[in-house]
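Since every read-out is calculated from the coordinates, none of them should be taken as a lab result. Note that this is a predicted model, so its numbers are computed, not measured. Here the Cβ is made from the backbone with ideal geometry for all residues, glycine too, and neighbour counts use every protein chain on show.
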Amino acid sequence: MKKVKFLFATLLMITMVGFSACNKDDEESDVREQAVGNYSITTTLYVEENGKLVSFASELSELAEALGEELDENDFKFTGTATVAKDGSNKLLVNVDGDKFFLNNIREATNGFVFDVDATTVDDVEFTNYSGYYLEGETKTYGGGYIAASKKLEFYIYSSMEEVLDAALDEADLSDEEVEGLVQLLVAAGYTEEDAEEDAKQKVVFEFTLTKK
């Protein structure tokens with residue numbers, strides 16, 4: 001009987017150790033854990049042109065010139081803070097100065113992981129995942145990625161030029177007369193209705209680069 005009890009106790013201990021090891025492996029297999037924390041962040045605006053990203057400033061340079069303004073790339077580069085936390089069983093929540101972005105479809109990659117970004121609305125502008133993130137040695141693109149060695153997380157989203165500019169005009173709170181004055185300046189500079197319709201369809205891409213503190 002003592003041998004039976006000893007055998008039972010031994011099996012029980014092995015089972016408990018086994019479960020403990022499994023739990024530990026489960027925790028270690030959650031690649032999201034390495035990205036959790038506080039970050040500094042830089043947001044840069046681009047416009048997609050023929051499948052490539054060009055600076056927002058250069059795209060609007062002609063319009064700015066017509067309005068007597070000069071634009072610099074730094075005018076469309078913003079800094080702030082962000083936090084990254086696990087959300088549910090398979091997502092990450094990125095909180096950028098109060099604006100929330102959810103990273104989904106997370107899959108392990110070399111020295112980190114890649115992911116896509118849930119569609120979301122920020123300040124009445126609808127944003128969608130944009131595949132602009134490259135892994136070295138791959139031709140496929142992703143919505144974003146995290147590199148453990150540099151502790152950097154990067155992701156891309158986009159909206160239409162029309163939505164972005166409408167939101168900017170709303171924030172500027174211009175009067176009807178001021179808007180009409182801008183329109184007249186653009187027309188005088190040779191900017192046509194066809195130009196406006198074409199520009200409205202362009203994708204404005206937001207690149208978020210987060211560096212862990």
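A few points about this structure:
- Averaging the Cα positions of each part gives two centres, and for the stretch 173-206 and the stretch 106-172 these lie 27 Å apart.
- Around the amide H of residue 87, modelled in the peptide plane, lie the amide H atoms of 92, 93, all under 5 Å away and 5 or more residues distant in sequence or on another chain.
- Using only side-chain charges placed at the Cβ, +1 for Lys and Arg and -1 for Asp and Glu, the dipole size of the chain relative to its Cα centre rounds to 3360 debye.
- Estimated vicinal HN-Hα couplings, Hz - the stretch 83-98 in sequence order (Karplus 6.51, -1.76, 1.60; Gly, Pro = x): 10, 10, 9, 6, 10, x, 8, 8, 10, 10, 10, 9, 9, 10, 6, x
- Applying 0.36 nm per residue to the separation of residue 67 and residue 185 and subtracting their alpha-carbon distance, the gain on full extension is 41.8 nm.
- Of the DSSP H helices in the chain, those whose Cα atoms cover at least 27 Å axially and whose Kyte score averages -1.0 or more: 2-29
- Taking the convex hull of the alpha carbon positions in the chain and averaging its projected area over all directions gives 16.3 nm².
- Label zone (residue 134, point 7 Å along Cα-to-C-beta; backbone nitrogen cut-off 12 Å) within the stretch 35-60: 52-53.
- J(HN,Hα) series, the stretch 102-111, from Karplus relation 6.51 cos²θ - 1.76 cosθ + 1.60, nearest Hz, glycine and proline x: 10, 9, 10, 6, 6, 9, 5, 9, 4, 6
- Packing, taken as the mean count of other beta carbons within 10 Å per residue, orders the peptides 156-165, 183-192, 135-144 from highest to lowest as 156-165, 135-144, 183-192.
- Scoring 125-131, 111-117 by mean Cβ neighbours within 10 Å over their residues and listing the highest first yields 111-117, 125-131.
- Cα-Cα separations in the stretch 130-213 greater than 22 Å, expressed as whole percent: 48 percent
- Between amide H atoms placed 1.01 Å from N, distances below 5 Å from residue 189 occur with no residue 5 or more places distant or on a separate chain.
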